[in-house]
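First up is the structure itself, then whatever we jot down about it.
The values are calculated or read from the model by the stated rules, or taken from the named source; none is laboratory data. Everything quoted here is computed from the prediction, not taken from an experiment. Note that each Cβ is placed from the backbone with ideal geometry, even for glycine, and that neighbours are counted across all protein chains shown.
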Amino acid sequence: MKKVLTVLAVLMMFVSIVFASGSAEGDGPKVTTLKISISETPADIKAQLINDMIKEMEELSGGELKFELYCSNELGSLGDVVEQTKIGANIISGTSGDFYATYGAPDIMATALPYVIKTADECENLNSSDLFKEWADAIEAESGLKLFNIGWCSTPRDIISIKPINSVEDLSGFKIRIPGAAMDAFFSALDASTMSMAFSDVYTSMQQGMIDGAEAGISGLYSYSLQEVGKYVFMSEHSLAPAVWSMSSAVWNSLSEENQKILVETFEKYSRLYAEKGLELQQEYIDKMTSEGVTFIYPSESDKVAMADAAVKAIASFPELSEGLSDRIAEAIE
């Protein structure tokens with residue numbers, strides 16, 4: 001009996017930590033604490049802006065909303081966090097669309113594919129479109145995930161490496177860390193050897209020669225100090241990889257309409273600020289990395305054509321995408 005009671009106590013403690021809860025203190029307001037999970041480090045501009053956003057949302061909600069920011073995939077891998085959110089964890093998860101494609105809307109995969117979303121303005125238009133709402137509704141109906149924002153596009157993603165990439169041909173056999181299915185399809189089309197791992201493991205993996213490089217925005221590369229182990233950056237600018245922000249539908253429905261509105265509007269506001277700040281700081285990061293011995297290599301016109309062709313092949317590798325999807329996305333983002 002004592003053993004059973006101990007197990008029950010542990011389970012109750014786990015539930016109280018992981019799953020959404022609201023607590024009333026005396027006659028005060030119900031307080032809901034939400035964990036925000038990102039893959040970037042605390043030093044990244046994204047984390048800095050989210051901390052500012054947290055303060056604003058807590059103030060706007062009159063203390064009814066509280067937030068905890070978890071960086072560097074502290075709560076688990078991108079896929080694991082989405083799955084935790086699906087089963088009711090009190091987490092706000094932000095990752096690319098390919099991580100949601102199997103939850104009820106296969107077409108959302110396209111948002112993570114190269115060259116589909118080219119600017120932050122296009123991403124903002126998609127966020128307010130009927131198409132994104134259609135995807136979000138389908139995913140909520142099938143999986144219980146509430147998608148409430150797509151955005152947070154900063155600067156395009158590039159490739160850092162331990163050996164120079166002088167042309168796209170050098171990507172043949174190149175061992176590259178990729179985050180998900182979309183980048184897997186793209187780099188496989190370029191004949192690269194793709195590997196999946198937590199971004200926090202990239203530094204050591206590059207240092208030990210387990211991988212040749214990784215792709216991310218310049219600020220992300222710098223905040224993880226990858227310029228210490230990779231002295232070359234190929235400015236492929238292959239994707240903006242907008243973040244799709246989600247939370248448990250059950251947790252969402254437990255919030256007041258006013259607090260739901262605060263989440264939606266504040267995430268939209270800081271999405272724009274993130275895009276602006278990223279562009280503003282891009283050259284500063286390039287200068288810092290150059291001063292630390294990094295060489296930036298720019299693709300030729302033929303390289304750009306080859307990458308565009310690879311993007312087309314990547315899209316074709318997902319036959320589940322609906323017919324006419326490219327036209328629907330073009331209409332939504334214009």
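What to note about this one:
- Residue in region 143-154 that is buried (at least 19 other Cβ atoms within 10 Å of the Cβ), of a type in the set (Val, Ile, Thr) and not assigned by TED's automatic domain parsing to the domain that holds Gly217 present: yes
- The residues of region 163-185 that are in a helix (DSSP H, G or I) and β-branched (Val, Ile, Thr) amount to a single one, Val168.
- Of the helices (runs of 4 or more DSSP H) entirely within region 33-140, those holding at least 3 residues that are out of contact with any strand residue (DSSP E or B) (no Cβ under 9 Å at 6 or more places or on another chain) and farther than 19 Å from Ala182 by Cβ occupy 45-60.
- Some residue of region 152-166 being farther than 25 Å from Tyr285 by Cα and modelled with pLDDT of 95 or more: no
- Lone qualifier among Asp191, Asp212 - being surrounded by fewer than 22 Cβ atoms within 10 Å (Cβ to Cβ) and touching a residue at least 12 places away in the same chain (Cβ under 8 Å): Asp191
- Residue check for Ala101: closer than 23 Å to Ala330 by Cα, small (Gly, Ala, Ser) and modelled with pLDDT under 95: no
- Residue check for Tyr298: crowded, with 16+ Cβ neighbours inside 10 Å and either in the same structural domain as Asp191 (by TED's automatic domain parsing) or within 26 Å of Ser93 (Cα to Cα) (or both): no
- None of Gly79, Gly63 is surrounded by fewer than 19 Cβ atoms within 10 Å (Cβ to Cβ) and closer than 18 Å to Ile150 by Cα except Gly79.
- Of all residues in region 179-199, those that are closer than 21 Å to Pro319 by Cα, among the hydrophobic types (A, V, I, L, M, F, W, C) and in contact with a helix residue (DSSP H, G or I) (Cβ under 6 Å, 6 or more places away or on another chain) total 6.
- Among helices (runs of 4 or more DSSP H) entirely within region 229-326, having at least 3 residues that are among the polar types (S, T, N, Q) singles out 249-254, 257-291.
- Given (1) in contact (Cβ under 8 Å) with a residue 12 or more places away in the chain; (2) out of contact with any Leu (no Cβ under 8 Å at 6 or more places or on another chain); (3) more than 24 Å from Lys163 (Cβ to Cβ), number of the condition Asn259 does not satisfy: (2)
- Residue satisfying condition, being of a type in the set (A, V, I, L, M) and more than 21 Å from the chain's Cα centre (by Cα), within set Met247, Met210, Met197: Met210
- Close contacts from region 121-150, counting a first residue that is touching a residue at least 60 places away in the same chain (Cβ under 8 Å) and a second that is of a type in the set (Val, Ile, Thr) and part of a strand (DSSP E or B), with Cβ to Cβ under 7 Å and a gap of 6+ residues or different chains, come to Cys123/Ile150; Leu126/Ile150; Asn127/Ile150; Phe132/Ile150; Leu147/Val244; Ile150/Val244.
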